[in-house]
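Below is one structure; the comments refer to it alone.
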Amino acid sequence: MQNSEYLAARESDMQSYHIITYGCQMNKSDSERMAGMLENIGFYSVETWQEANLIVVNTCSIRDKAERRVFGKFHEMNHFRKKHKKAMRFVMSGCMPQHAKKFILQELPFIDFVLGVNNMEDLPNLLMQTGKTEGISLEGQLRKLRIKRRPADVQSFEENLSEQRREPGKRAWVSIQFGCNKVCSFCIVPFTRGREISRKKESIFSEIASLEKKYSEIVLLGQNVNSYGQTIYDEYRFHHLLEDIAVKFPWLKKIDFLTSYPSDVTSELVHTIASYGNITKEIHFPLQHGDDEILRLMERKYTVSEYIEKTQQLRSRIPGVRIGTDLIVGFPGESEQHFKNMLETLDVIRFDFFNTAAYSIRPGTKAARMKNQVDELVKKQRLQILNKHLNKILQEKRQELQVLA
C-alpha cells in the first residue's frame, strides 16, 4: 500500500487521537495514562489536534486563567470541526469537570465526553459506545463524576500502569499519592482531586522497577508528598520511602519529588536527602506569602519564622541545596503593609527558583467568599513588583557566585 493510501485508510478508521495537557506534572502523568489506554484499544497518536478524530483536553483549575484557556481552546476546535465538516470527538478530562459542571453545560455543550481525575479508567468504555454514549447525556456524565478517590480507584490505576504511554526522555513520573488533606482557603484541589490517599509502597517499588533501562530519573508526584503514608501506615513515612527507593534502585541517577508542604518538611526528611547522592537537592515547598496575617487567612499551618527555620535547616545540612517556592499576591485583605512584609521576607530567604501568580478567585473556596477582595489592577502591579524583586535577588546571587569562583 502506498503512503497516501495508508494515510487515507488511517484517516477513515476514526482511530487517531491527540491529547492537549494543561497544568501540573500530575496532569502530564494522567495524560500519559490516557494515551496508553487509547493505544491499547487501537488508537494511534497524531502530531496536531487538527489531524485527530479524537481530541482529549486534560484541564487545570488552579486559576481562572487556566480555565479560560480551556474554554477558548474548545471553541477554537469546535469552529474548526464545523468549518471543515470533520468527524471529531472532544473529551474534557482532568480537574475542570470535577467542579465546573454548570459552566460546561452552559458554555461547552458540544463536548462529547467528560472524565474526572478519579474515573479516567472509564475512557475506553466511553469510546466503545456509539454516539454520545448511547443516551447518556453530557449532564448525565457530569453527574457520575466522583470527587472522592476510593481504594478501588487506586487499584484500577495500578492495574492500568503497564499501559501507560510514557513520554520519551530520561525522566518518568511516578504518582505516590492522590488528593490533598491540606484545605487551604484559596485552593480548589481538594474539591477536584478529593482527599488524600497514598499508594502502597510495594506497588510504587514495582512501578519503579519496570522503568530500569528506560529512564534514569524519576519524579515522585503528590499534592503533598511529605504526608505520604499517613492514610495507610502507622509509622512508614515519606523519608522512609525516599530512602528505600535510593537504596533499592541504585541505577536511578536522580530521585526528584513534587510538591512539599512546609510544616511537613521534617528533620528526618532533611537527613535522608542529605544522605543519598541520587536524591534531588532542589527542594520546592511553597511559602505562598511572606506575612503571618495573610498566611493565617490562607489557612496555611505555619508562620514565616517557622518557614525560615526550615530553609536554614536545609541549607545548613544539605550542601548546594536549591530552594524554590510558589507565591501569591493580591490575596483578599492584603494591604500595602502585608505586601511590603512579603518582600522583606524574600530578602531573608533568597529563593533559588519560584513560581508567582496573582490571586484568582476559585468558586467554592473559603477565600472566594471573603470580603476585601483586592482590585485587579493592584494585583497586576504587585505581581510586577514581586517578580522584579525576585529577579533582583537571583541576579545578586549569581554575582556572589561569580565572586566566589
message: Need the failing condition index for residue 355 against (1) closer than 13 Å to residue 288 by Cβ; (2) out of contact with any Asp or Glu (no Cβ under 7 Å at 6 or more places or on another chain); (3) not small (Gly, Ala, Ser), just the number.
response: (2)
- prompt: How many residues are modelled with pLDDT under 85 and of a type in the set (Lys, Arg) when one looks only at segment 145-167?
  reply: 4
- prompt: In this structure, is residue 333 at pLDDT 95 or above, crowded, with 21+ Cβ neighbours inside 10 Å and in the same structural domain as residue 393 (by TED's automatic domain parsing)?
  reply: no
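Sort out which residues of segment 187-205 are in a loop (DSSP other than H, G, I, E, B) and over 16 Å from the mean Cα position of the chain (by Cα), and write them in order of number. Reasoning before the result, please.
Of the residues in segment 187-205, the ones in a loop (DSSP other than H, G, I, E, B) are 187-188, 193-196, 199-200.
Hits for segment 187-205 are 199, 200.
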message: If I filter segment 43-56 for residues that are within 30 Å of residue 151 (Cβ to Cβ) and either not basic (Lys, Arg) or not in a strand (DSSP E or B) (or both), do I get at least one hit?
response: yes
field: For residue 260: the one exception among (1) of a type outside the set (Lys, Arg); (2) in a loop (DSSP other than H, G, I, E, B); (3) farther than 26 Å from residue 28 by Cβ; (4) under 26 Å from the mean Cα position of the chain (by Cα)
entry: (3)
query: Taking segment 79-104 as the region of interest, how many residues are at positive phi and in a strand (DSSP E or B)?
result: 1
- prompt: Applying the selection to segment 225-251, what residues are buried (at least 18 other Cβ atoms within 10 Å of the Cβ) and over 23 Å from the mean Cα position of the chain (by Cα)?
  reply: 243, 246
message: Filter segment 30-53 down to the residues that are touching a His at 6+ places or on another chain (Cβ under 8 Å), exposed (fewer than 14 other Cβ atoms within 10 Å of the Cβ) and of a type in the set (Gly, Ala, Ser) and list them by number.
response: none
message: Under 7 Å between Cβ atoms, which residue pairs at least 6 apart in sequence (or on different chains) link something in segment 338-350 that is in a helix (DSSP H, G or I) with a partner that is among the small types (Gly, Ala, Ser) and crowded, with 19+ Cβ neighbours inside 10 Å?
response: 341/290; 342/290; 345/290; 346/290
field: Single residue of 178, 191, 157 found to be surrounded by 16 or more Cβ atoms within 10 Å (Cβ to Cβ) and in contact with a His (Cβ under 6 Å, 6 or more places away or on another chain)
entry: 191
field: Residue in segment 367-405 that is modelled with the lowest pLDDT, counting only those that are basic (Lys, Arg) and under 20 Å from residue 326 (Cα atoms)
entry: 397
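The values are calculated or read from the model by the stated rules, or taken from the named source; none is laboratory data. Fair warning: this is a prediction, and the values are worked out from it, not measured in the lab. Heads up, the Cβs are rebuilt from the backbone with ideal geometry, glycines too, and the neighbour counts pull from every protein chain shown.
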